[in-house]
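Down below is the structure, laid out as structure tokens.
FYI, it's all coordinate maths here, none of it is from the lab. Treat the numbers as computed from the prediction; the structure is a model and nothing was measured. Cβ placement follows ideal geometry from the backbone for every residue including glycine, while neighbour counts extend to all protein chains displayed.
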Amino acid sequence: MSVTASRNATRGVVFIHSTPTALCPHITWALETVLGQPLHLDWTIQPAGPRMVRTEVSWSGDPGTGARLASALRGWDHVRYEVTEDPSPGADGSRWSHTPTLGLHHTWTSANGDAMVNEDRLRDVVDLHRGDVPALHAAIDALLGAPWDRELEPFRYAGDGAPVRWLHKVG
């Protein structure tokens, strides 16, 4: 397979932490559409969710591919997923997390994977919750995506040791 990528190519991982089996072909098709190549995903039982399965796939492509992947998965309420995109020259890294109860959360990430908060978003939260320390803590917690992390952690842990396959975007 010939691999073509821009000078600013990046990479990331799509983690489908849990989904009903009926959605597997639809998820595969959505990912194939964004990545521009056929996929064979290895779906395995998700021990943390009854009658659920999980998979993960690593990708490489142009900056913005992670956002397109997260958007392609949006709309299926019963799917728990995360999409990561590593930082690349001129582009911050990102992580999109989705849970059925919380919806979609996006955060920018540093080179070591820490969540980064835009200064304007942080100023808005501080101004909105001035004088209410518990509310300020909760708002900062939400900015960092902590509620999503708490909900996804049992599903992440259940996937430890799962195989990772690397895919390279062609064209």
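Data for the structure
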item: Helix axis angle, 146-158 relative to the chain longest principal axis, alpha carbon, degrees; result: 30
item: ³J(HN,Hα) computed for each position of the stretch 37-45 - Karplus, 6.51 cos²θ - 1.76 cosθ + 1.60, integer Hz, glycine/proline x; result: 7, x, 10, 10, 8, 8, 8, 10, 4
item: About the Cα centre, charge dipole magnitude for the chain (Lys/Arg +1, Asp/Glu -1 at Cβ), debye; result: 480
item: Exposure proxy ranking, count of Cβ atoms within 10 Å, fewest first, for Ser110, Ser88; result: Ser110, Ser88
item: Selected from Ser97, Thr44, Ser58, residue furthest toward positive end of dipole (the stretch 42-97; charges at beta carbon); result: Thr44
item: Cut-off of 10 Å, at most 10 other beta carbons, DSSP loop: longest stretch of the chain lacking such trypsin sites (Lys or Arg not before Pro); result: 52-129
item: Ranking of Leu122, Leu143 by count of other Cβ atoms within 10 Å, fewest first; result: Leu122, Leu143
item: Rounded to whole Å, sorted largest first: equivalent-ellipsoid semi-axes of the stretch 80-125, Cα gyration tensor; result: 19, 17, 7
item: Relative contact order of the stretch 14-171, pairs being alpha-carbon contacts under 8 Å that are 6 or more residues apart, as %; result: 27
item: Calculated [θ] (222 nm, deg cm²/dmol) that DSSP helices of n ≥ 4 give over the chain, each run adding -39,500 (n - 2.57); result: -9500 deg cm²/dmol
item: For the stretch 1-96: relative contact order, % (alpha-carbon pairs under 8 angstrom, 6 or more apart); result: 40
item: Shape metrics for the chain, restricted to C-alpha atoms - Rg then Dmax, Å; result: 17.0, 59
item: His137, His40 arranged by Cβ crowding within 10 Å, fewest neighbours leading; result: His40, His137
item: The stretch 52-107 and the stretch 112-136: distance between their alpha carbon centers, rounded to Å; result: 23
